[in-house]
Structure formats: structure tokens, C-alpha cells
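Nothing in this text is a laboratory measurement; each read-out follows from the coordinates by a stated rule. Just so we're clear, the structure is a prediction, and the values are computed from it rather than from any experiment. Using ideal geometry, Cβ is built from the backbone for each residue, glycine included, and neighbour counts are taken over all protein chains shown.
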């Protein structure tokens, strides 16, 4: 390597080098022809080709990651959707069971009620599995989580306390999906 450096130090200035065929015209001070410029040119070209391949690979990876990201966003709810198929099947089965003309009406109502309860449990299980939970109403009124739509008088509750839940609220992890609609005590 130091020999190459010495040879490069002995090269004539670039003003003295003329023409395309540089490796033939470059001579050291003793007048000996040097092929090192040709070697360096070849190495430079090899490095440029390697750079272009690496850059192309990088661009391909970038495009692939962008495509994967778009697909991940597009299909993010797929697991949740699959888990909702069981409750939908239960509801369709309940509707189908009402089509039997020979069914006893009292027995039919009991079976539909049981089916609806099972469906609600299935929904709750799916929600828990995916981080959806009920908004807590037992810890008191919180305007960030509850929407007070009515005032009610109650001897059993303190002023500003939740008297009745009119519609349940839900959170997804830490985000509020829907506030709980409540009536609060006003004295």
C-alpha cells in the first residue's frame, strides 16, 4: 500500500495529463508507465456499481416497507372483524329459530332471551380480547368520560352524583370511543 502511495506521489500534475487514455500517458518521474490509475479507475467503477446496487436495494426495501405499512393499516381490524363473526352467527341463529311455526311462544321467548344473553357475553369477550372496556360509572361523574344529558332528583344520591346510566360508554385502551350518557343528581 505504501508503494502505491509513493507511486501516486510521483505522478505528473493533472495539467500534464492529456487525453482519454490516461493510464498510458501517466508516468512517474523515472519515466516508467503506471497501470495503477487503470486499477483505481476499475475500483472506482466497481465501487460506483456497488453503490448503485445498494441504493437500488434500499429503494426496493423502502417501497416494500411502505406497501407493508399500507396493508397493515388497511387490515388492522381483521382480527377484530373475525372475532365479531361469532356474535353475528348467534344473532342469525336466533332469528332462524323464530321461523319454526310449531314452536311454543313462551318457550321461543325463553330461547331467544338465552341466545341474546349468550351473544352479549360473546361481544363482551371479544371486546375484552381487543382492549375495549366499559367506561366506569361507579367512581363518580367525570366530564371527560360521561355526558350528563339529564338532571334527576334523588334522595339516595349526593349532588352531582350519577343517578342512572342511560347509555353505556366505551374506551379503546386509553381512548374514549363513546362517553357514557348519564343522568346526574341535582338538588
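Sort 76-89, 95-108, 121-134 for me by packing, meaning the mean count of neighbouring Cβ atoms within 10 Å per residue, highest on top.
121-134, 76-89, 95-108
Need the full-extension length gain, residue 61 to residue 132, defined as separation in residues times 0.36 nm minus the C-alpha distance. One decimal, nm.
22.1 nm
In segment 133-185, what % of DSSP beta bridges are antiparallel (nearest 5)?
DSSP beta bridges in segment 133-185 are roughly 60 percent antiparallel.
P(r) tail for segment 133-185, what percent of Cα pairs lie past 16 Å?
Of the Cα pairs, 33 percent sit more than 16 Å apart.
Which semi-axis lengths, in whole Å and largest first, follow from the square roots of five times the eigenvalues of the Cα gyration tensor of segment 77-130?
In descending order the semi-axes read 27, 12, 4 Å.
How many angstrom separate the Cα center of segment 61-85 from the Cα center of segment 146-182?
Cα centroid of segment 61-85 versus Cα centroid of segment 146-182: 35 Å apart.
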